[in-house]
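Working notes, beginning with the structure itself.
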Amino acid sequence: MLFFSSASDQYYGYDALSNKIVSIPIKWVEKIHLGQSDTIIEHLEATGVIKNESLLIEGLEQDWHQKSDKLGTLTLNVTDACNLRCTYCAYSDHYPFERSHGKSVMSFDVAKKSIDYYLANTQNVILRRISIYGGEPSLAKELVKKIVSYTKVKADNVLFSINTNAAVLMPDSWIDFLVSEQMELQISL
């Protein structure tokens, strides 16, 4: 769940599974600031306001998302690490309810499971899209290369894009890789 506040100091939570925005009482805001948002999420789940977040994992077996070819782009957040600390970034310290920069990197196993699920549920799609995102994905170059290589073995109709601040496009071998894979570059300023 993503927590945020409005310009008028009203607090809200966004639940991606139900696609709902719910009002958060002011008495819960302190708990959120203290990192105790789990109790709030549990309450919202128990009262049926939002869906059980465990469905994100268990849902693959429970068919929470009907198998269809209506899935859009698969976005893989390969790392929280970033080489810049732009004050306007959604992940800067200016947005207290958003994740912050870190050093975590997605495991290749998680990437493979995500790709396998995406490909299995988009079999009739003419052109599939996988977007590589972060932090700064070029800080996880070897993982990005593994993701592309693994996907190309499984399917030949995938277009890749990468969102980058372009500060670490060197060395030339990295640029050559992006060009050879015909990756769409999305430059984030």
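The values are calculated or read from the model by the stated rules, or taken from the named source; none is laboratory data. Since we're looking at a predicted model, the values are computed, not measured. Every residue, glycine among them, receives a Cβ derived from its backbone with ideal geometry; neighbour counts consider all protein chains shown. Protein only, heavy atoms only, side chains kept; ligands, DNA and RNA dropped before computing areas. Shrake-Rupley method; radii C 1.70, N 1.55, O 1.52, S 1.80 Å.
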(message) Given a Förster distance of 22 Å, report the FRET efficiency between Glu45 and Tyr12 from their Cβ-Cβ distance, rounded to the nearest 0.05.
(response) 0.85
(message) Leaving out ligands, DNA and RNA, and with a 1.4 Å probe, what % of the accessible surface on region 123-185 is carbon or sulfur?
(response) 52 percent
(message) What are the ³J(HN,Hα) couplings of region 162-178, residue after residue, when phi is run through the Karplus curve with 6.51, -1.76, 1.60 and θ = phi - 60°? Round to Hz, x for glycine and proline.
(response) 9, 9, 9, 8, 6, 6, 10, 6, 7, x, 4, 5, 5, 4, 4, 4, 4
(request) Put one equal scatterer on each alpha carbon of region 137-188, apply the Debye formula with no solvent term, and list log10 I(q)/I(0) at q = 0.15, 0.19, 0.24, 0.28 1/Å to two decimals. (result) -0.38, -0.61, -0.97, -1.27
(message) Leaving ligands and nucleic acids out of the surface, order Trp174, Trp28 by accessible area at 1.4 Å, largest first.
(response) Trp28, Trp174
(request) For Ala155 and Ser23, calculate 0.36 nm times their separation in residues minus their Cα-Cα distance, and state this gained length in nm to one decimal. (result) 43.3 nm
(message) Net charge within 14 Å of Lys31 by Cβ-Cβ distance, Lys/Arg positive one each and Asp/Glu negative one each, not counting Lys31 itself?
(response) -2
(message) On a full-extension model of 0.36 nm per residue, what is the gain between Tyr88 and Gln123, subtracting their alpha-carbon distance, rounded to one decimal in nm?
(response) 8.7 nm
(message) Could you work out how much longer the chain between Val105 and Lys145 gets when fully extended? Use 0.36 nm per residue separation minus the Cα distance between them, nm to one decimal.
(response) 13.0 nm
(request) State the number of lysine pairs found in region 84-189 whose Cα atoms come within less than 15 Å, restricting to pairs 8 or more positions apart or on distinct chains. (result) 10
(request) Starting from the amide H of Ser161, placed 1.01 Å from N in the peptide plane, find each other amide H under 5 Å away whose residue is 5 or more places distant or on another chain. (result) Ile130, Ser131, Ile132, Glu184
